[in-house]
Structure formats: structure tokens, C-alpha cells
Amino acid sequence: MQLVEQRLGDAPDALGLVRGRSVSIDCDDTGNWSRQLEKVAMTLFDLTGHVAIVTGGNGGIGLGMARGLAAAGATVVLAARNTEKGEAAVAALAASGARSAFLALDVAEEGSCRAMIEETVARFARLDILVNNAGTSIRKPPESYTAAEWHTVLDTNLTGALFCSQAAYPAMKEAGGGKIINIGSMYSIFGTSYGAAYAASKGALVQLTKSLAIAWAKDNIQVNAVLPGWIDTELTQGARRHVAELHDRVLTRTPAGRWGVPEDLAGIAVFLAAPASDFVTGAAIPVDGGYSSMGA
Ligand SMILES: NC(=O)c1ccc[n+]([C@@H]2O[C@H](COP(=O)([O-])OP(=O)(O)OC[C@H]3O[C@@H](n4cnc5c(N)ncnc54)[C@H](OP(=O)(O)O)[C@@H]3O)[C@@H](O)[C@H]2O)c1
């Protein structure tokens, strides 16, 4: 026990807090502490028995994160509009041994968000993790947006995250806590001349994240945002078709020297969904190969 205390000496409360939450560390007198610490580390990232929803989880970044959550032990509900893609994604998760299901969802419809959350709780008896990932973009100069186009982007990327979070709140509160992960963007930080609606929605999503984090901290619900860099998905394939030089511009500007892949988001999703992040809330974390750290 002495060795464990020495190792955690810089943070004297850490062991106690972990114990209080979900991990019991039981060091014996034979100096078997390293195996016990290993167990703590594993439990910090263990999602066994937890139920997660990933909106827009039927492909792209959503499916990349769903794979991570499932690998950590969670049951994962993929919720989106395209059923064919959804069923293919569920089959892919099932092939790796995960328990998952597809539910139809249009995040722009409040009733659809409520129905999807209710169906999840009815089927799986709880809800621990909500990933607000569904997103869209309409690329054009700001002066030419119609009101309908503007609302489509804002309703999907921002208001949909609010609707789903509102619908999830009672179940999480009743369960004694939960995790909400909102998917922002580099455009949560930067502006763009060809995606004003997208940038406005993703910037506001970070402020919504902070506001929910503050409001629901008392309920042990942590709310954080992830800001992906440039990731190779259907969304960015569309952007690359639209802006010919985009592919090379991203490569030049990204210190890691590559585009991201959806699985690059799996680790942060597990961290923010797991007990490891119980004292992290209201944060907006870039996962971007260094893109947002790069100056001119
Ligand atoms: N790729 C990147 O470089 C990048 C960078 C930063 C942030 N992001 C964000 O990451 C998230 C995922 O994007 P992605 O790149 O993985 O693109 P994607 O493959 O096009 O995925 C977008 C997902 O959103 C879903 N969706 C869109 N509108 C919806 C609605 N009204 N209701 C329910 N689901 C809806 C789509 O489902 P359906 O197939 O059913 O329409 C799809 O699964 C988005 O929020 C995006 O803004 C992406």
C-alpha cells in the first residue's frame, strides 16, 4: 500500500476519488500493487454495461467512435436517417462481437429525438452516453444562403444536439449521471468563407456544451465537445469535390502530415464516455493532428 501512496503522492485525493466512484483498489501486503493499478486503469476506461447512443452513427466519424465505445464494452445505438447504411453499420459492429442496434432519427425534429431516446431506454433499460454527432453542411458564400438552407444546417448541427440532450437528461439524471459528447469542428474555432452556417452552428455548439456542462454538473452529467480536424469521410469527400485544392491544403497545414480517419476519434470518445473523464466537463478538445495549433 505504501508504494501506491507514494506514486499518487502528488495528487493525494486521486485514489480516494476513484474509489468513491466505481473502482475499488485492494493492494495486498505482498507488494502486488502494479497489477492492482493496472486494474484501476482498465476500469477507468471500461464501458461494460453502459448504453451509448451515437447520432449519425451509421457511417463516418460516428461509426468510428461507435467502434471505440463498443470495443470498450458499451452497447451502442446508431441513430440516423439512412436505414440501409444503419443496418450495414450494425452488422459491422456485430461482426466484432458488439451489441448494437439502429434506430431511425431526424435530429431536426424534436419529436424524433424524444422518440429515439425513449425507444433506447425502453429496449436497453438505461442510457449512459449520448454522442451528438449528426451533422451537415451547405457550402456557398454567406450572401446567398436562403433562410431554409441556414435553418437546415443550424437545426441539424446545433438544435438537434439540444433536442437530443434535453430528451436524454431525465434518464441520465435518474441513473445518477451520464456523459454527453458534442461533435464540433475546426470551424468551432475558425471562420470559413464558404460555410458560414456550418461555422456558426459549430461555434455555438461549443457554447451550448459549456452551458449544459454548468447546468447539469450537479446531476453528475459531464458534457464535452470534440473538435475533429480534417477527417476522410463522405462529408469531406464532398468538400474536396467542391474545393479542388482542399486536399493538399489540409496536408500542408496539418503537422501530423495526413488526413484523419474516423477511427482517430475512437480514443477520445472512450475517454469522454468513461469514468476516466469524470472531472472533465465543459471542455472542447481538438483531435486534429495539430491543425489548430499551427500558426500562419
Ligand atoms: N469529416 C470531417 O473532417 C469533420 C471535421 C469536423 C467535424 N465533423 C463533424 O463530424 C460529424 C460527422 O461527420 P462525418 O464527417 O462523419 O460526415 P458523414 O459521414 O456525412 O456523417 C454525417 C452523419 O450525420 C447524419 N445526419 C445528417 N443529418 C441528419 C439528420 N437530420 N438526422 C439524423 N442524422 C443526420 C448522417 O446520417 P444519414 O446518413 O442518415 O443522413 C450521417 O450519419 C458531423 O457533425 C461533422 O460536422 C467532421
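Each value in this text was obtained by applying a stated rule to the coordinates, not by laboratory testing. Small disclaimer: the values here were computed from a predicted structure and weren't measured. We place every Cβ from the backbone using ideal geometry, glycine too, and count neighbours over all the protein chains shown.
Helices assigned as whole DSSP H runs in the chain whose Cα atoms extend at least 15 Å along their own long axis and whose mean Kyte-Doolittle hydropathy is 0.0 or higher are found at 60-71, 83-95, 160-175, 196-216. Of the residues THR209, THR192, THR75, the one that moves most in a GNM of the chain with alpha-carbon contacts below 10 Å is THR192. Given DSSP loops and a limit of at most 15 other Cβ atoms within 10 Å, what is the longest stretch of the chain that contains no such GluC sites (Glu not before Pro)? The longest such stretch corresponds to 110-244. Spatially close Lys pairs in the chain, defined by Cα atoms under 20 Å apart and a spacing of eight or more places or different chains, total 8. Comparing mean-square fluctuations of GLY257, GLY60, GLY229 from a GNM of the chain with C-alpha springs under 10 Å, the top value falls on GLY257. Loop-resident chymotrypsin sites (Phe, Trp or Tyr not before Pro) (DSSP state other than H, G, I, E or B) in segment 232-296 with no more than 10 further Cβ atoms inside 10 Å of their Cβ: PHE279.
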